[in-house]
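Q: This is the structure, below, for whatever I ask next.
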Amino acid sequence: MKKKLDLLEELQGIDQTIDGRKAEQTTLKTDITELEQTLASVQSALTGHQTQMTELRRERAELDAAMHTEQENIKRSETNMKEIRTNKEFQAIGREITAARKQVSDLEEQQLQIDTRIEELQTTIDACQAELATLADSTKNGSDEKQACIAALQGTIDAATAKRDVIVKELSSSLVRRYAQLRDQRRGQALAEARDGSCMGCNMQLPPQLYNTLFRGDEMYFCPHCQRILILKQEPAAAE
């Protein structure tokens, strides 16, 4: 029976090692995901700024076209003014020219405003591109480093799993099933040490008769409170 308990204890240690390494892998994978999400967020922001820049340049082109139209209207009106014969016509064309010049002035103001926005946005885009380049490098380096750690952890897991398979073959399938059930039910700890009359798994006092029976080591005993398999660690007798 002692051999079975020793094997189960070793099995539990291996399983806890595997659980720990898998948890570390999960953390590293989460870190990689966060790095990639941060990079994607900056890329998305840059794309948004670039889209906005495209729209501003389109608006600027439309203003340029409108400006050209009004300037052509002014030239045509000034040419026509030389050919008019009546005062009424002269006044009408004069009003057209005045209105066109007012429109030109308004268009120039709008052009100035858009040019300012384009300049500010270009500064933002330049900064965003620089940040993205730096972040892309750090993300790649960080991701590569974490992937290497994940691979190293996997090597530990694979070695532990191989060792686990050897131990499992030495135990009965029913005992392995019971052990697995207890691990599932007790947060990964199927065995608990009995010490000073207590179960160290749940910290509850064991019945004195049960605790004393553990010293015989002839059977497998379970904690009546948490149902974990009890193992007794006896200190070696002191030399006289």
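Q: Given a 1.4 Å probe, how much area per residue of the stretch 36-147 is accessible, in Å²? If you can, show how the numbers build up before the last one.
A: Numbers: 7700 Å² over 112 residues.
Heavy-atom accessible area per residue stands at 69 Å².
Q: Let me confirm the definition first: pairs of Lys residues in the chain, 8 or more apart or on different chains, C-alpha distance under 16 Å. How many are there?
A: The number of close lysine pairs in the chain is 10.
Q: Nearest 10 degrees is fine. How inclined is helix 173-185 to the longest principal axis of the chain, computing both from alpha carbons?
A: 50 degrees
Q: Given H placed on each backbone N at 1.01 Å, which residues far from Ser198 in sequence or on other chains put an amide H within less than 5 Å of it?
A: Leu206
Q: Follow-up question, since we're still on this one. Express the carbon and sulfur contribution to the solvent-accessible surface of the stretch 1-69 as a percent, rounded to the nearest whole number, probe 1.4 angstrom. Intermediate results must be reported in sequence, preceding the final value.
A: Working: 2200 of 4130 Å².
That fraction is 53 percent.
Q: Using helices alone, what [θ] at 222 nm do you get for the chain, with -39,500 (n - 2.57) per DSSP H run of 4 or more residues, divided over all residues and rounded to the nearest 500?
A: Details: 4 runs with 183 residues, N = 240.
Helix contribution divided over all residues of the chain: -28500 deg cm²/dmol.
Q: First measure r as the distance between the Cβ atoms of Ala61 and Ala99, then evaluate 1/(1 + (r/R0)^6) with R0 = 25 Å and state the FRET efficiency to the nearest 0.05.
A: Values: r = 23 Å, r/R0 = 0.94.
Efficiency computed from Cβ-Cβ geometry: 0.60.
Q: Same structure, new question: Share of the stretch 132-235's accessible area from carbon and sulfur, percent, 1.4 Å? It would help to have the intermediate numbers written out before the result.
A: On the way: 3090 of 6270 Å².
Percent of accessible area from carbon and sulfur atoms in the stretch 132-235: 49.
Q: Next up: What residues have an amide H closer than 5 Å to that of Phe222, excluding those fewer than 5 places away on the same chain, when H is modeled at 1.01 Å from N in the peptide plane?
A: Those lying under 5 Å, H to H, from Phe222 are Leu230.
Q: Further question on the same structure: Ranking request for peptides 79-88, 204-213: highest mean number of other beta-carbon atoms within 10 Å first, then the rest in descending order.
A: Working: 79-88: 10.1, 204-213: 13.4.
Descending packing order for the listed peptides: 204-213, 79-88.
Q: Determine the gain in length on full extension of the stretch Gln110-Ala159; use 0.36 nm per residue of separation and subtract their C-alpha separation, reporting nm with one decimal. All intermediate terms of the calculation are to be shown ahead of the outcome.
A: Values: separation 49, 0.36 × 49 = 17.64 nm, distance 7.06 nm.
Length difference between fully extended and current span is 10.6 nm.
Q: Let me ask something else. Relative contact order of the stretch 1-115, please, whole-number percent, based on alpha carbon pairs below 8 angstrom and at least 6 residues apart. Could the numbers behind the result be given before it?
A: Details: 32 pairs, mean separation 31.2, N = 115.
Relative contact order for the stretch 1-115 comes out at 27 percent.
Q: List the Cys residues of the chain that have no partner Cys with a C-beta closer than 4.7 Å.
A: If one checks each Cβ against the other cysteines of the chain, Cys128, Cys149 turn up with nothing under 4.7 Å.
Q: Now for a separate question. Note down the relative contact order for the chain as a percent, whole number, built from C-alpha pairs under 8 angstrom at least six residues apart. Intermediate values should be presented prior to the final figure.
A: Details: 178 pairs, mean separation 66.8, N = 240.
Across the chain, relative contact order equals 28 percent.
Q: HN-Hα J couplings of the stretch 137-145 from phi, Karplus 6.51/-1.76/1.60, θ = phi - 60°, integer Hz, Gly and Pro as x?
A: Working through the residues one at a time gives 5, 5, 5, 5, 5, x, 5, 4, 5 Hz.
Q: Another one. Can you list the HN-Hα couplings for the stretch 92-99, worked out from phi with the Karplus curve (6.51, -1.76, 1.60; θ = phi - 60°), rounded to whole Hz and with x for Gly and Pro?
A: 5, 5, x, 5, 5, 5, 4, 5
Q: Please work out which option in (1) 33; (2) 62; (3) 14 gives percent of Cα pairs over 31 Å apart calculated from these coordinates, and answer with its label.
A: Label of the calculated value: (2).
Q: Calculate, for Glu170 and Met204, the FRET efficiency according to 1/(1 + (r/R0)^6) with r their C-beta to C-beta distance and R0 25 Å; round to the nearest 0.05. Mind dumping the intermediate values first?
A: On the way: r = 31 Å, r/R0 = 1.23.
The calculated FRET efficiency here is 0.20.
Q: Taking θ as phi - 60°, what are the ³J(HN,Hα) couplings along the stretch 208-222 by the Karplus curve (6.51, -1.76, 1.60), each to the nearest whole Hz, with x for Gly and Pro?
A: Those phi angles translate into x, 5, 5, 4, 5, 5, 4, 5, 6, x, 9, 9, 9, 10, 10 Hz.
Q: If you don't mind, there's one more thing I want to ask. Compare the peptides 166-179, 183-196 by average per-residue count of other Cβ atoms within 10 angstrom and give them in order, highest first. Let's see the in-between values first.
A: Values: 166-179: 13.1, 183-196: 15.8.
Descending packing order for the listed peptides: 183-196, 166-179.
The values are calculated or read from the model by the stated rules, or taken from the named source; none is laboratory data. Note that this is a predicted model, so its numbers are computed, not measured. Every residue, glycine among them, receives a Cβ derived from its backbone with ideal geometry; neighbour counts consider all protein chains shown. Note: areas computed on protein heavy atoms with side chains; ligands, DNA, RNA excluded. Shrake-Rupley method; radii C 1.70, N 1.55, O 1.52, S 1.80 Å.
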